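K.L.:
Quick one: the structure is below, questions incoming.
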Amino acid sequence: MPRDPRFDILFEPVKIGPLTAKNRFFQVPHCNGMGHAKPRAHAEMRRVKAEGGWAVVSTEEVEIHPSSDLSPYIEGRLWDDSDVPFLAMMTEAVHRHGALVAIELVHAGMNAANLYSREVSLAPSAIATSANFAPAQARAMSKSDIRAFRTWHRQAALRARRAGFDIVYVYAAHGLSLPMHFLQRRHNHRTDEYGGTLANRARLLRELIEDTKEAVGADCAVAVRFAVDELRGGDGIEASGEGRELVAMLAELPDLWDVNVSDWAHDSRTSRFAPEGYQEEFVRFVKTVTTKPVVGVGRFTSPDAMVSQIRRGVLDFIGAARPSIADPFLPRKIESGDEDDIRECIGCNVCVSGDYTMTPIRCTQNPTMGEEWRKGWHPEKVPPRSGEDDFLIVGAGPAGLECARVLGRRGHTVHLVEAQTELGGRVTREARLPGLAAWARVRDYRLGQLLKLGNVEILRASPVTAEQVLEFGARRVVLATGARWRRDGVGRTHTLPVPGFGREGLLTPDDVMDGRYPAGPTVVFDDDHYYIGGIVAEKLRREGLEVILVTPAERVSAWTVNTLEQHAIQRHLLELGVRIMTNTHMAAFSGDEATLECVYTGRRSGLAAASIVTVTSRESNDELADALAASAQALGAAGIASVVSIGDCLAPSTIAAAVYAGHRYAREFDQPDSVGFRRELPQI
Ligand code: ADP
Ligand code: SF4
């Protein structure tokens, strides 16, 4: 299809210092849990982005010195010459597709606990390190430390050029780097020429930009990444104050401004807490004070929103981390008039959890993310079918939909059968909860693709029994029947049922999603610790109920630390008037009283409660699998070669895991059993 001319503006070349970017799509730096530990996987992941049409492809934070050792987190590393070849793999791979490659040099200062290098952390002033309550302090940098730091940064820039990078970042964003710490009044208590006035606090940043330009500026563009607002009021940098003054002060010094808000949780807000384009109000001043090109982010997935940013003079480049993770081919799809095929980011931040858990990046929408090298998966290409197998897939949740999509793309005949009238399984149900509307994109993208495939038949409102599976006689049967929330209290804390659970007045998230609400004061018992407990509490509070959230964890929705949401969730619930009791077990429920127990002392207390919504764990809908397993002979007679359970009906997990399971089965069912993935082993 030809490209819609209204999107032409997105494909204009833009000059950045001595270089020209071929279009306005800019993959800004993002972590990925692979970095220096898995350089091949990292290089291939970035290459695929370049293939997908991004004009600029960036690294994540790249540590420039052992005193900026972010271990155990896995970022890029450029401590000395021995790191150059690993990063050169990325630049070579990206250059093959005509994209520019950017490197984000970082010295993390007091954010680096230096657990591997055992160096003492550095900061503008003597201050406790900010790394997870680590019992260590950073020392105040002397003038000679500052000179040494400038030398390390300069050497890193020269190494970056040798590694083939086109754009070298000076990084002062997210509160995660030394130049930013010098800018922040709360961290910079110095009385010399590097402290006090903004001009003094900005001195180090200015020097780094000048050093970098002097070192590599003839061939490379020098970018500055700066957080114009820390969203902490007068205690931090504000776009209406020092944020604006700083950009105005250094306006023409770098070749490019990459601007955002800080900290990372604010920059990468989930869709639950911020819509597309949410940073505009903070960054829109930047283009009024500099003539240099400006890149900004805002989880942009709509080409119209992107065009609007450019036309209204807010940005020159559409920056993207998450939209490029969910769909590495986003620019190419717009370019070729296939924007309806964009796999839109849902804003869930599962991708961020890879960094927090120090494992390769995963994405809910894009199951190939992080698998480009180790499994050889491409986000847009699947191998053609190897045989004539036809498939019956039972259940059209994320697992079933993705499985049908990929099998269909491979050319197989697929029958996707769903009990409900609506497709999407848990995604459709959960997307109706407060703040999760964007999650329906998991269903909508897949449905849009399936409707284009003539070889996939979708049957709705058709609950399937074992007899019907046998009658149907497809050669391969895939069960993707999902899971339901348990009623008995079994979860992480209680591995046996809680006394009194299962009685009248006890509900699960499924009941709430089905519109069955409790009456009277309600306890939401969250022993699941991801998002559902907090959202159910919010939903019920919004219905006007008195809600007490009880959890054995030390905070609400504890796992969402890994998706950068925990703070926002707890704050939101407190503001809504939800009462929160942490470090508390649920010992029993009598029908009008919950017996609570302190996780430390075991001390018990009573809490009047008319209802409990128990959010502990889920049990698989495996009845169909069991019935078919009991009919092994009949399966053979019906010509059924295999029956496989995938996704939540095998073991309940995240939506990302269900999508991955569907994708994996569709790619690998005809591969040898031993198929695994390539590993990157250290050389000896
Ligand atoms: P997953 O996350 O693994 O994809 P979901 O719970 O989201 O699981 O989706 C499972 C889907 O399977 C639901 O839409 C459910 O209605 C459907 N389903 C469950 N059992 C049957 C059945 N016997 N026949 C047809 N559809 C079923
Ligand atoms: Fe977007 Fe979620 Fe994928 Fe991250 S994991 S890119 S937030 S869909």
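K.L.:
Note the count of lysine pairs whose C-alpha atoms are less than 23 angstrom apart in the chain, limited to pairs 8 or more residues apart or on different chains.
P.N.:
Counting lysine pairs in the chain gives 20.
K.L.:
Can I ask one more? With each pseudo-label sitting 7 Å past Cα toward Cβ, what's the L198-A637 distance in nm, one decimal?
P.N.:
Inter-label distance under the simple model: 8.3 nm.
K.L.:
Here's another thing I want to ask about it. When the chain is fully extended, how far beyond the present Cα-Cα distance does H95 get from T495, taking 0.36 nm per residue of separation?
P.N.:
138.7 nm
K.L.:
Loop only per DSSP, at most 14 neighbouring Cβ atoms within 10 Å: give me the trypsin sites (Lys or Arg not before Pro) in region 409-440, ordered by residue number.
P.N.:
Passing sites in region 409-440 are R432.
K.L.:
Let a ≥ b ≥ c be the square roots of the eigenvalues of the Cα gyration tensor of region 448-511; is it rounded (a/c under 1.5), or, if not, prolate (a/b larger than b/c) or oblate?
P.N.:
Prolate.
K.L.:
Place a label point 7 angstrom from the Cα of D626 along the Cα-to-Cβ direction, then list the residues of region 473-487 whose backbone nitrogen is under 19 Å away.
P.N.:
Hits in region 473-487 for D626 at 19 Å: 479-487.
K.L.:
Can I ask one more? Suppose all protein chains stay in the model; what accessible area per residue would a 1.4 Å probe give for region 519-585, in Å²?
P.N.:
That works out to 35 Å² for each residue.
K.L.:
Any idea what the relative contact order of region 216-357 is, in percent, if you count C-alpha pairs under 8 Å spaced at least 6 apart?
P.N.:
Normalised by residue count, the contact order of region 216-357 is 20 percent.
K.L.:
So if a site counts as exposed when it's one of the GluC sites (Glu not before Pro), its DSSP state isn't H, G, I, E or B, and it has at most 16 other Cβ atoms within 10 Å, what's the longest stretch of the chain without one?
P.N.:
It runs 253-379.
K.L.:
So what is the relative contact order of the chain, in percent, for Cα pairs below 8 Å that sit 6 or more residues apart?
P.N.:
11 percent
K.L.:
Here is a further query. When the dipole is taken about the Cα centre of region 537-589, and only Lys, Arg (+1) and Asp, Glu (-1) are charged at their Cβ, what size is it in debye, to the nearest 20?
P.N.:
That gives region 537-589 a dipole magnitude of about 20 debye.
K.L.:
Here's another thing I want to ask about it. Round to the nearest 0.05 the FRET efficiency obtained for A134 and T291 when R0 = 41 Å and r is the Cβ-Cβ distance.
P.N.:
0.45
K.L.:
Say each of T465 and T601 gets a label point 7 Å from the Cα, pointing the same way as Cα to Cβ; how far apart are those two points in nm?
P.N.:
5.7 nm
K.L.:
Counting heavy atoms of the protein chains only and a 1.4 Å probe, report the per residue accessible area for region 414-483 as a whole number of Å².
P.N.:
43 Å²
K.L.:
Then there is this: What nm distance separates the two modelled labels at D81 and A608, each placed 7 Å from Cα along Cα→Cβ?
P.N.:
With each label point 7 Å from Cα toward Cβ, the separation is 7.7 nm.
K.L.:
If the label point is 7 Å along Cα→Cβ of R432, which residues in region 261-293 have backbone nitrogen under 20 Å from it?
P.N.:
From region 261-293, the list is 272.
K.L.:
Just tell me, in residue order, which DSSP H segments of the chain are both 30 angstrom or longer along the helix axis (alpha-carbon based) and at least -0.5 in mean Kyte-Doolittle hydropathy.
P.N.:
Result, helices passing both filters: zero.
K.L.:
Could you size up the charge dipole of the chain around its Cα centre, putting +1 on the beta carbon of Lys and Arg and -1 on that of Asp and Glu, and report it in debye to the nearest 20?
P.N.:
Dipole magnitude for the chain comes out near 880 debye.
K.L.:
Would you kindly state how much longer the chain becomes between R516 and A218 on full extension, computed as 0.36 nm times their sequence separation minus their alpha carbon distance, in nm to one decimal?
P.N.:
Result: 100.6 nm gained on full extension.
K.L.:
Kindly state, to the nearest 0.05, the FRET efficiency for R118 paired with E593, given R0 = 56 Å and r defined as their beta-carbon distance.
P.N.:
0.55
K.L.:
May I pose another question? Trypsin sites (Lys or Arg not before Pro), restricted to region 220-282: which are DSSP loop and have at most 16 other Cβ atoms within 10 Å?
P.N.:
Taking region 220-282 and a limit of 16 other Cβ atoms within 10 Å, the loop trypsin sites (Lys or Arg not before Pro) found are R232.
K.L.:
Using 13 Å as the cut-off for backbone N distance, which residues of region 260-288 belong to the label zone defined by a point 7 Å from the Cα of S240 along Cα→Cβ?
P.N.:
So the set is 282.
K.L.:
Taking every eigenvalue of the Cα gyration tensor of the chain, multiplying by 5 and rooting it, what semi-axes result, largest first, whole Å?
P.N.:
Calculated on Cα positions only, the semi-axes equal 44, 33, 22 Å.
K.L.:
Scan region 645-682 for trypsin sites (Lys or Arg not before Pro) in coil per DSSP, keeping those whose Cβ has at most 15 other Cβ atoms within 10 Å, and list them by number.
P.N.:
Answer in residue order: R678, R679.
K.L.:
Here's another thing I want to ask about it. In Å², and per residue, what accessible area does region 194-257 have when probed at 1.4 Å with the other protein chains present?
P.N.:
Per residue, region 194-257 has 32 Å² of solvent-accessible surface.
K.L.:
Still on this structure, please answer the following. Say the dipole of the chain comes from +1 at the beta carbon of Lys and Arg and -1 at that of Asp and Glu; which of S336, L564, S68 then lies farthest toward its positive end?
P.N.:
S68
K.L.:
Calculate for the chain the 222 nm mean residue ellipticity that helices alone would give, adding -39,500 (n - 2.57) per DSSP H run of length 4 or more and normalising by residue count, nearest 500 deg cm²/dmol.
P.N.:
That calculation yields -8500 deg cm²/dmol at 222 nm.
K.L.:
Give me the net charge of G505's neighbourhood, meaning all other residues with Cβ under 12 Å from the Cβ of G505; Lys, Arg count +1, Asp, Glu -1.
P.N.:
After counting each charged neighbour, the total is -1.
K.L.:
Can you give the extra length, in nm with one decimal, that the chain gains between E554 and D8 once fully stretched, where that is 0.36 nm per residue apart less the Cα-Cα distance?
P.N.:
Taking 0.36 nm per residue and subtracting the Cα distance, the gain is 191.4 nm.
K.L.:
Another one. Counting only protein heavy atoms and a 1.4 Å probe, tell me what percentage of the chain's accessible area is made up of carbon and sulfur.
P.N.:
That fraction is 50 percent.
K.L.:
Just want the answer: with Cβ charges of +1 for Lys and Arg and -1 for Asp and Glu, which residue in V314, G411, T288 is farthest toward the dipole's positive end in region 271-428?
P.N.:
Positive-most Cα among the choices belongs to T288.
The values are calculated or read from the model by the stated rules, or taken from the named source; none is laboratory data. Please read all numbers here as calculations on a predicted model, not as lab measurements. Counting neighbours? That spans all protein chains shown, and the Cβs are built from the backbone with ideal geometry, glycine included. Remember, those area values only see protein heavy atoms, side chains included, never the ligands or the DNA or RNA. Shrake-Rupley method; radii C 1.70, N 1.55, O 1.52, S 1.80 Å.
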